[in-house]
Structure formats: structure tokens, C-alpha cells
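Undergrad: Quick one: structure below, then a few questions.
Here, each number is a calculation from the coordinates, and none is a lab measurement. Computed from a predicted model, the values in this text were never measured in an experiment. Cβ placement follows ideal geometry from the backbone for every residue including glycine, while neighbour counts extend to all protein chains displayed.
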Ligand SMILES: [Zn+2]
């Protein structure tokens, strides 16, 4: 057997499997034509086999890659969750989003004591009275602000009554219950009011860093503005963006007041230093954001006529510079005089030299 024959025998054994013997017999018994055909067939099968093996290997490699990537994503997700979500950190909440979730925290989590009433007591409907609270937790100012998340969890695990409709901190707004539901946030006005709480302490407004206060106020204003919009669309109520008295709130008037004002004997939140004027200005801003001012002198600010005039000026400048001759800092070898370039070539030359100059200067 020649080397080719030996090779083909080996290939035939591998590639044709069960019918290998017949193929081999044909190969050696047949003439040149049969041999050629058999060789071609074997070659084709070999190529097919090898391609299939390569594909399988690639696929297996890709699967392993996918698996590694998936594992990495899971690891990252659990690390991330452990560092940002108090619920995930406790290990009691699944990471997956429940497809049946309502988006309202109190409804989506088991309550140790039911913290909401689907129907407001005494046949009451919401009247647009909004009570502002502070949750009196220690403000979380390190890394992600978990204040609102912690208070939300506390509301579902506490053994007594106490919850809000909206809960905010420096970086989150948690919808606790629909505005139509009653929550237990203000004993004097619960049946008709809505409670928005900030996860900070009433006595500490002047102690927090200014930008932290701004962020908390901003989220409270967003939650308030959303509530004002919903009052209009869901209940047809116009809520004035105004600070009303505790008496007015107790009389079911729409507007904003502090928990302390409705219940002066027992409560003081959101605190004597709560910046009411600033907060209400932010609520107005959220409801009617002024469009950003256009930059002065920008082309789109110009009329068509002005744009054409500007383009003509640019063309003029171009023509003037185009004809300009620039003396270069060396002598023309032919004339022995200072070399002269057109403005355009001088500029081109200078730009081309920049990298060399930069290299020389080490910049
Ligand atoms: Zn309160």
C-alpha cells in the first residue's frame, strides 16, 4: 500500500464507518475512475465530518462562555442586591420581579398589620389634602440612600399602625399605596388625606448637607406633583400648591400641610425648619417645567435672512484669506528671498508640523 492508500484506508475507516469494508473493496478492486470517485466521496465525507466536529466544538465553547457570562451576571446581581437592597440583604425577598406585583409596596409585600384600607372609612373620598411627614429614621447619607427602603420595610413588619402613600429619600420615590386607599399616617385626617413622607428627621434639616436636602426635597416635590396630577385626572380635584393650616386640613380642604400642624399636641414633623416655600416652588416647577433656554447666537435662533447674511460674511472672509500670501520662516532656494505660501498652504504646513513640534516639546 502506498502512503496515499494507507491514508485513505484510515480515512475510510473513520469516515464511512459501517460501510467501510465495502468502500475499501470497491476502492482496491475498481479501476482508476472508481478510485478517483471513492477518493472524492471520502474527501467530501471527511470535510463534512470535520466541519460538524468543529461546529460542535465551537458551540460547546460558546455554551461554556454563555454559562460563565451568566454566572458572572448572577454573581454581580447578588453582590449588587446585597449592597443596595435591604430586602435582598435580609435574604427574605426573591430577586425576581413578581409578575403579579401592583407596583405599590404595601400591596406587594405581606403586612404584619394591614397598613392600608382599600375603602376609606366613613364613606370618605380623597379631598386633595396632602400631609407632609418626616419618617424620623436616621437619614442614610452614605452611598445609596436606603432610608426610604428601610422605612418601607419597617412599615410592613411593624406590629402597630403607621404607613404612608408615598415615601421618598435622596434617591428614591416609593409608591406605598394608591391615592384612593386610606393609610394610617395622620389620625386627624386619615380618611380623606394622602401622606407623603421623607426618610429623614424633622429636627435635622439644618444639619444635613445642602445637596442632600435638595435631593430629598426634589423627590418629595416629584411625588407631590405626581399626586397633584393624579388628583386631577382620577378624582377631578384641583389641589392648590399652597401651605394650608392644620384646621383647613382637618376641614378636608385641598392643599399641603405638615403632620405636626394637624396634630400639634403629639407631632412636630416635618419640623420647624422644613423649607415650605422652597418645597412648594419645586412642586410648581415639577408641574410646569420651564423649557431650557436656547443658547444665544446659535444658528437656529437666527432668522433665515440672518443666517444668509452670516454665511455671506463667512464666504467673504474665506475669499480674503484665500488670496493672502504668508511669509514663511525660511528662504526660498530659487529666489533667495523669504519663502511665501498662500494662507491655505501655510496653514496646512503648520498643522502638519504640529505632531513633530508636540513630540519635541514632550507634550
Ligand atoms: Zn408624620
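Undergrad: Modelling each spin label as a point 7 Å along the Cα-to-Cβ direction, I'd like the residue 44/residue 285 distance in nm, to one decimal.
TA: With each label point 7 Å from Cα toward Cβ, the separation is 7.6 nm.
Undergrad: Right, something else. Using the Cα atoms of the stretch 187-326 to build a convex hull, what is its mean projected area in square nanometres?
TA: 15.4 nm²
Undergrad: OK, next. Of the listed peptides 105-115, 173-183, 203-213, what is their order by residue-averaged count of other C-beta atoms within 10 Å, with the highest listed first?
TA: 173-183, 105-115, 203-213
Undergrad: Modelling each spin label as a point 7 Å along the Cα-to-Cβ direction, I'd like the residue 361/residue 65 distance in nm, to one decimal.
TA: According to this spin-label approximation, the distance is 4.5 nm.
Undergrad: Looking at the stretch 299-361 from every direction and averaging, what is the projected area of its Cα convex hull in nm²?
TA: 6.8 nm²
Undergrad: Just grab the label-to-label distance for residue 207 and residue 352, each label 7 Å out from Cα along the Cβ direction, in nm (one decimal).
TA: 7.0 nm
Undergrad: Based only on Cα atoms, what Rg/Rh ratio does the stretch 122-220 have, Rh being taken as Kirkwood's radius? Spell out each step's value before the answer.
TA: Working: Rg = 13.6 Å, Rh = 13.8 Å.
When Rh is taken as the Kirkwood radius, the ratio is 0.98.
Undergrad: Once you order the gyration tensor axes a ≥ b ≥ c over the Cα atoms, which shape class does the stretch 107-287 get: rounded for a/c under 1.5, otherwise prolate or oblate by comparing a/b with b/c?
TA: rounded
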